[in-house]
Every structure is written in C-alpha cells, then in structure tokens.
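Q: Please see the structure below; I have some questions.
The values are calculated or read from the model by the stated rules, or taken from the named source; none is laboratory data. These numbers were taken from a predicted model, which means no experiment stands behind them. Note: ideal-geometry Cβ built from the backbone for every residue, glycine included; neighbour counts use all protein chains shown.
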Protein chains: 2
Amino acid sequence: MITALGFDADDTLWHSETIFEDYHRRFRELLARYHDPKTVEAALYATEMRNLDLFGYGVKSFALSAIETAIDLTNGTIPADELRALIHGAREMLAHPVELLDGAAETVAALAADYRLIVITKGDLRHQERKFQRSGLATHVPHCDVVSEKDNATYARVLARHQIAPEDFLMVGNSMRSDILPILELGGHGAYIPYPLIWAHENVPAPVDCPRFHALANLRELPALLARLRSA
Amino acid sequence: MITALGFDADDTLWHSETIFEDYHRRFRELLARYHDPKTVEAALYATEMRNLDLFGYGVKSFALSAIETAIDLTNGTIPADELRALIHGAREMLAHPVELLDGAAETVAALAADYRLIVITKGDLRHQERKFQRSGLATHVPHCDVVSEKDNATYARVLARHQIAPEDFLMVGNSMRSDILPILELGGHGAYIPYPLIWAHENVPAPVDCPRFHALANLRELPALLARLRSA
C-alpha cells in the first residue's frame, strides 16, 4: 500500500526548463555571428556532458559550461565583454520567481492529509532549497532532499533515512531517467508526467511492461491514480 | 554529556584553503598586467560577497565570481582565451585529491567507538560528497550533511533530524562564524581548531566567556578535551 509520495521539483512542481530555454536562446544569439544554432547547441551539450561528473547539475554548472563553450566556439576571440551576459543570465536564473505548474499547489495540499510527502530534487543545493521555500509548498511537504544524483543508490538512501519501504513509495516526475526508472528498479511505483520541454540528458525510453509504471497527463490526475492503486 | 560530534570538513578534516590559495595566486598573475595584487584580491572578494546570497558557497560559485571579476577589472578587454584558465582551474580544484589534515584519520577512528559522528559541511553538494567518499572517513562517519548555510537554523534542523540535543553535541571546526558561534548559541559545545589560512568571510572574533567554547591547536587534542569534559 502506498503511504509516501516523492515529488521531483523542476518541471514537475514548478517550471524550470522554460527558464533554461530562454538562456539557450540568448546563448545562440550571442554566438550567431560565429555559428549556426545547431552547432552552438551541440557544442554546449557536449561541454555539459564532459563537465557533468565534476560539475554536477544546476545553474552554476550550466553557466560555466556555457562560458567555456562560447570561448571554444570562437577560438578564444569572443570579446570578454560579451561573456558578462552569460554570468548575468545565471544570476537571473537563480533569482527567477518560482512559478508552480498548473495543479501543483492544489494536488500537493489535497494529498498531504493521507500521504507522507517528500520533494526529491537534484541541482544546486542553495538554489533548490530557495525555490522550495518560496514555492509555498513547504507547509504541506516537511522534507526537501536535494541530492547530487538521482540513481538507485540515492533513492535507496533517501528511503532508508525516511524509513519508507520502496513498495510503499510512489515517485512523481517528468524525467524517465531520474524520477521513474530508478524507483521502479527498487520495487517502488513511478508516476511519469511529461513536461513539454526536456533536457536531452534526461530523455530515455519508458519501461516496457512494468505494472508499477504509470503515465499521467498532469498532476491533477495523481489523486485518481492513487485511489485506483488503493482499491486494486 | 556529549554523545555526538560534528566535524566541519574543509580545513578541519582535509585541506581546502591551500587549493583556493593556489587559484588566487594564478588569478593575481593573470591580472598582473592590469592591476596590483591587492586591488585584484579586493575586487574578487567584493564580487564574491555580492554573489554569495544567490550563488552560495563552493568552487563553482568562486569560479564564476573570478571570471566576472576578471572581466570587470579589465573593462571587458581581457582576451577570452585567457579566461579559459579560470574554468580549467575550477575543474582542477574539483578534481583535486583529498589530503587529510594531520591526525584526522586517527582521531576520527579513535572517537568513532564512543561517539556518534557527523560531518557537516557547506559548499557544492556534489564536490563535498565526492571528497567525503574519497577521504576514507566514511567507514567511521555514517553521515555527511552538506548544507547551504551554517547558521543556527541549519544546525537546529540537522540536530533535530539526528535526534541529538544541542547540549549533548560538540562541533569541531576552523571557522568561528560557521562552525562555532551558531552551535554555542544553540547551547552546544564548540571546539575551534584554527587553520593557517582562512577566507576573510569566515574570520570573526572568538566568543567571550563561554564555558562551552574550547580552542585546540590540532585535532589530536580532541580526545583529551572530550575526556576532560566527561570527567568535569
């Protein structure tokens, strides 16, 4: 019986990729004199992947990779003055107001009475904590665990710390790779709610024939899914 | 009676500021054509302080502030090619091997039998977790809590989660601001072990007339302090 719910945060509870996409657009414009948009995007993604293990996730890692890519793609000739925009853009992203997804506040509030709720998110520790505090969701969600990677080991550790058995747990998120597959492997349930935009890194195929995998169109469908699972 | 010990990590268990200092030296050299070392350092510190609330602590924040400072101090004229070194330097810092302080391994191992041990550190989540894993200390220390700020509220939350009463807790660290003063205010003990180098931000005066404040010359003195407190 499901007693605890985990929520991914970025693009599950609040908008994030739209903010990254705006930075990407400005990055492509900054380098438009040098390269076509596709080349710029491919180079940025390659830099991000190369830096991922050391830098980890989040805005600051992304901004450092963007600066590095801009220097690389111009053979070091881009005026440093123009690189200011990449740092300024990072500050804007970090300061951006939290915009909840449609249905997030109501759904979380409605489920808080019957389930233990945990936000489990990766990225910059300080940024994610700040967004959680500003989201207004902390009144219903007692815990926000910021983790450096969302793999089986991380979920096993988080569940153990909260003394939740995997089979009693359902994770809700927009990333098949980070929110759904690890928790299915541990024996828990996953509710996948796609977001219109997704970072290529997170974009992996859905599981085949797993009865604990559930696909929803939006957060408002979550209470009905949980009711079905309770009566099954 | 003290039953649990918290250890700061950077410059308490392993060397950190020496690695930052090496980056500072190269930063001053990079800008030596433009400004004297004192101006360079003052500008970098001012940028760090301005960015601290949004960026938080750690290597990536520091590198972004260094890049911004280099652009500002040269009115945007520094060749972008030269900024590569600032990103490369950040990668080097993140990949730098963990070098334990003298006495750290033995002291932690000796105390593990009698006390609950927790590492409490601020900075980049992924970087601090990686250093903890590579330090070899994880066999004796079951928990490493990476936090985004080390203030009263953070310590209160960490102690509550581990179900430790403040008066049963002693925090060990090299930063009066971050490791000692908050825990004294909560009613716990603080063991201050200065490190030869310290970031100006962390450098605040010692408390006056607090019987729960203890100053040590190095980690090897910690078991004797704890023995004294037990028999007091």
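Q: Say whether the condition of being hydroxyl-bearing (Ser, Thr, Tyr), touching a Ser or Thr at 6+ places or on another chain (Cβ under 9 Å) and either at pLDDT 95 or above or part of a helix (DSSP H, G or I) (or both) is met by at least one residue in region A:146-169.
A: Within region A:146-169, one or more residues are hydroxyl-bearing (Ser, Thr, Tyr), touching a Ser or Thr at 6+ places or on another chain (Cβ under 9 Å) and either at pLDDT 95 or above or part of a helix (DSSP H, G or I) (or both).
Q: Given the options B:Thr74, B:Thr39, B:Thr107, B:Thr47, name the one that is among the hydroxyl-bearing types (Ser, Thr, Tyr) and in the same structural domain as B:Leu222 (by TED's automatic domain parsing).
A: B:Thr107
Q: If A:Pro223 satisfies all but one of (1) more than 21 Å from the chain's Cα centre (by Cα); (2) closer than 30 Å to B:Cys144 by Cα, what's the number of the condition it fails?
A: With respect to (1) more than 21 Å from the chain's Cα centre (by Cα); (2) closer than 30 Å to B:Cys144 by Cα, A:Pro223 is out only on (2).
Q: Pick from A:Arg130, A:Arg126: which is out of contact with any helix residue (DSSP H, G or I) (no Cβ under 7 Å at 6 or more places or on another chain) and closer than 25 Å to B:Ala95 by Cβ?
A: A:Arg126
Q: Checking A:Val40 against (1) in a helix (DSSP H, G or I); (2) β-branched (Val, Ile, Thr); (3) within 21 Å of the chain's Cα centre (by Cα), only one condition comes out false. Which one?
A: Of the numbered conditions (1) in a helix (DSSP H, G or I); (2) β-branched (Val, Ile, Thr); (3) within 21 Å of the chain's Cα centre (by Cα), the odd one out for A:Val40 is (3).
Q: When you check B:Tyr115 against the structure, is it at pLDDT 95 or above and either under 19 Å from A:Val158 (Cα atoms) or in contact with a strand residue (DSSP E or B) (Cβ under 7 Å, 6 or more places away or on another chain) (or both), yes or no?
A: yes
Q: Can you pull out the residues in region A:1-34 that are among the hydrophobic types (A, V, I, L, M, F, W, C) and either assigned to a loop (DSSP other than H, G, I, E, B) or more than 30 Å from A:Ile164 (Cα to Cα) (or both)?
A: A:Met1, A:Ile2, A:Ala9, A:Leu13, A:Ile19, A:Phe20, A:Phe27, A:Leu30, A:Leu31, A:Ala32
Q: What about B:Ala63, is it in contact with a Leu (Cβ under 9 Å, 6 or more places away or on another chain) and among the small types (Gly, Ala, Ser)?
A: Spelling it out, B:Ala63 is indeed in contact with a Leu (Cβ under 9 Å, 6 or more places away or on another chain) and among the small types (Gly, Ala, Ser).
Q: Return the only residue of A:His214, A:His189, A:His140 being at pLDDT 95 or above and touching a Lys or Arg at 6+ places or on another chain (Cβ under 6 Å).
A: Among A:His214, A:His189, A:His140, only A:His189 is at pLDDT 95 or above and touching a Lys or Arg at 6+ places or on another chain (Cβ under 6 Å).
Q: Taking the condition of being over 27 Å from A:Phe62 (Cβ atoms), of a type in the set (D, E, K, R) and either assigned to a loop (DSSP other than H, G, I, E, B) or free of Cβ contacts under 8 Å to residues at least 40 places away in the same chain (or both), how many residues in region A:188-232 meet it?
A: 4
Q: If only one of A:Ala160, A:Ala138 is over 21 Å from B:His143 (Cβ atoms) and out of contact with any Gly (no Cβ under 9 Å at 6 or more places or on another chain), which one is it?
A: When all the criteria are applied, what remains is A:Ala138.
Q: Let me ask something else. Kindly list the number of the only condition in (1) more than 11 Å from chain B (Cβ to nearest Cβ); (2) free of Cβ contacts under 8 Å to residues at least 24 places away in the same chain; (3) within 15 Å of A:Ala9 (Cα to Cα) that fails for A:Ala160.
A: The single condition A:Ala160 does not satisfy is (3).
Q: Another question, if that's okay. Please list, ordered by first then second residue, the pairs with beta carbon atoms under 6 Å, 6 or more apart or interchain, first in region B:80-108 and on the phi < 0 side of the Ramachandran plot, second of a type outside the set (S, T, N, Q) and part of a loop (DSSP other than H, G, I, E, B).
A: Going by the 6 Å Cβ cut-off, the qualifying pairs are B:Ala80/A:Gly76; B:Ala80/A:Ile78; B:Asp81/A:Gly76; B:Glu99/B:His15; B:Ala104/B:Leu13; B:Val108/B:His140.
Q: Sticking with this structure for a sec: When you check B:Glu129 against the structure, is it surrounded by 15 or more Cβ atoms within 10 Å (Cβ to Cβ) and without any contact (Cβ under 8 Å) to a residue 24 or more places away in the chain, yes or no?
A: Yes; evaluated as a whole, the condition is true for this residue.
Q: Follow-up question, since we're still on this one. Please verify whether B:Ser231 is more than 14 Å from B:Ile120 (Cα to Cα) and of a type in the set (S, T, N, Q), treating the condition exactly as stated.
A: Here the answer is yes, as B:Ser231 does meet what is asked.
Q: Report whether or not A:Ala9 is touching a residue at least 60 places away in the same chain (Cβ under 8 Å), touching a Cys at 6+ places or on another chain (Cβ under 9 Å) and not β-branched (Val, Ile, Thr).
A: yes
Q: Any idea which of A:Thr154, A:Thr121 is surrounded by 16 or more Cβ atoms within 10 Å (Cβ to Cβ), touching a residue at least 60 places away in the same chain (Cβ under 8 Å) and among the hydroxyl-bearing types (Ser, Thr, Tyr)?
A: None of the others qualify; the one that does is A:Thr121.
Q: Taking A:Leu137, is it surrounded by fewer than 21 Cβ atoms within 10 Å (Cβ to Cβ), hydrophobic (A, V, I, L, M, F, W, C), more than 14 Å from chain B (Cβ to nearest Cβ) and touching a residue at least 24 places away in the same chain (Cβ under 8 Å)?
A: Judged against the criteria, A:Leu137 is not a match.
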